[in-house]
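Notes to accompany the following structure.
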Amino acid sequence: MTTDYVMSRVETLRPFLASLFGKAGLGDDDALFCAECLVRTSLWGKDSHGVMRTTHYVRRLLSGAVNPRPRISVVRGTAALETLDGDNGPGFVVGREAMQRAIALARDHSVGVVGARRSSHFGAAAIYARLAADVGMVGVAMTNSVAKIVAPGGARPITGSNPIAVAVPSYAEFPFVLDVSMSAMAGGKLLLAAQRGERIAPGLATDSEGRPTEDPAEAFAGLWLPMAGIKGLGLSYAIDILSGVITGASFGLAMKSQYADAREASGTGHFMIAIDAGAIIDPDDLRVRMSEFMCSIKSSPMKDDAAEMMVPGERAYLTERERMASGIPLSPGVLTELHALAKELGVSTAGLPDDGAAG
């Protein structure tokens, strides 16, 4: 099955999405940041965590599951380590505050570590790791999520997909950015595959009865297998400990699903680390060494001469350049959702394509 995608311009999408978030109760700065997170994630080609998620996030705000005006506060900590209470705010807003606080601590202590509790889904982890890389620091961002992963041989889900991102400034065209979830296939990608009418590869997930499935809709509602078997399972546990257990956030089976429990706060936790590498290596030396590191990857031979070795972060960079020029592809289904939501909230859709219309 194929979907006829419609190209939408960034210049239109960004203020349009910000208006939707504003109507849902967010202040201007927070609304614009949430819109920028979704647009930029789609620009990177991570459509599963991009614009297609807008209606869901806005609905969570309108239902009261997410607090549009959170009072984020420091609740524990000393020196370079703190924990924030997110007041059930949007994950984008709480995640930004946590990483910005980690960056501020790193300026004073060379490293900053900030956990957050009582937050919500924060989109792509790369957003926050890159906040640190953008100011010349190493950034690490992670979060926990509702238990959907089943352990090998297990009969019920035991842990979440729990993504982690690492970003390192390269002083080149793009930073090194690794962003991975601990499930064999991320939930957002299952949603995207279902929307596109695609099948998924075998061995990634099962249906709700534990039967292997290649149907992404059945898989999303079912059980997910861990990335790399017990290695991914163990990493998921570790991320849940850092994001949930030690921050005071929900963890494990206590996590609430943002879909099944649509009107309830999820209790999500985050864990951010900012490292001022300049404390241990001269920035010029880091620039040279990162160049050598990335060049060694790029120069590695491929079995297929037509193929190219990619550095983590490179594909996102190339996709962003392409989509800044051509627009972000949106499915007719996503456009229908956005138009309906805009009508409900009284937001103008001027410049936004209709279903199947030219962008």
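Any read-out appearing in this document is the output of simple, stated calculations on the displayed coordinates, not a laboratory observation. Here the structure is a predicted model, which is why all the values come from computation and not from measurement. Here Cβ is always computed from backbone atoms with ideal geometry, including for glycine, and neighbour counts include all displayed protein chains.
Which percent of Cα pairs goes in each bin when the distances of segment 184-224 are cut into 5 angstrom slices starting at zero?
6, 34, 39, 18, 3
If neighbour count is taken as other Cβ atoms inside 10 Å, put M255, M302, M290 in order from fewest to most.
In order of increasing Cβ crowding within 10 Å: M302, M290, M255.
Most exposed first by the Cβ proxy, i.e. fewest other Cβ within 10 Å, how do C37, C295 rank?
Least crowded to most crowded, the residues run C295, C37.
Can you give the charge dipole size of segment 101-231 about its Cα centre, rounded to the nearest 20 debye, using +1 on the beta carbon of Lys and Arg and -1 on the beta carbon of Asp and Glu?
Dipole of segment 101-231, to the nearest 20 debye: 380 debye.
Taking the number of other C-beta atoms within 10 Å as the exposure measure, put M7, M272 in order starting with the fewest.
Ordered from fewest to most neighbouring Cβ atoms within 10 Å, M7, M272 come out as M7, M272.
So what J values fall out for segment 259-266 if you push phi through Karplus, 6.51 cos²θ - 1.76 cosθ + 1.60 with θ = phi - 60°, rounded to Hz, Gly and Pro as x?
Once θ is set to phi - 60°, the couplings for segment 259-266 become 9, 5, 10, 4, 9, 10, 5, 7 Hz.
To the nearest 20 debye, what is the magnitude of the charge dipole of the chain about its Cα centre, counting +1 on the Cβ of each Lys and Arg and -1 on the Cβ of each Asp and Glu?
740
Would you work out the relative contact order for the chain, in percent, from Cα pairs under 8 angstrom that are 6 or more residues apart?
Once normalised by length, the contact order is 23 percent.
Over the Cα atoms of segment 245-319, what radius of gyration and what Dmax do you get, in Å?
20.8, 52
About the Cα centre of segment 184-224, what is the dipole size in debye to 20, counting +1 per Lys and Arg Cβ and -1 per Asp and Glu Cβ, all else neutral?
Rounded to the nearest 20 debye, it is 160 debye.
Under the Karplus relation 6.51 cos²θ - 1.76 cosθ + 1.60, θ = phi - 60°, what is the ordered set of whole-Hz ³J(HN,Hα) values for segment 297-303, x standing for Gly and Pro?
6, 4, 8, 5, x, 10, 5
Can you list, bin by bin at 10 Å, the percent of alpha carbon pairs in segment 52-156, starting at 0?
Bin by bin from 0 Å, the calculated values are 15, 40, 30, 14, 2.
From the mean inverse distance of alpha carbon pairs (Kirkwood) and the Cα radius of gyration, derive Rg over Rh for the chain.
Details: Rg = 20.2 Å, Rh = 21.0 Å.
Answer for the chain: 0.96.
Whole-Hz ³J(HN,Hα) for each residue in segment 163-176, computed from phi via Karplus 6.51 cos²θ - 1.76 cosθ + 1.60 with θ = phi - 60°, x for glycine and proline: what do you get?
x, 9, 10, 10, 10, 10, x, 10, 6, 10, 5, 8, x, 6
In a solvent-free Debye calculation with one equal scatterer on each Cα, what is log10 I(q)/I(0) for segment 84-131 at q = 0.29, 0.33 Å⁻¹, listed in the order of the q values?
Debye curve over Cα of segment 84-131, log10 I(q)/I(0) at q = 0.29, 0.33 Å⁻¹: -1.05, -1.18.
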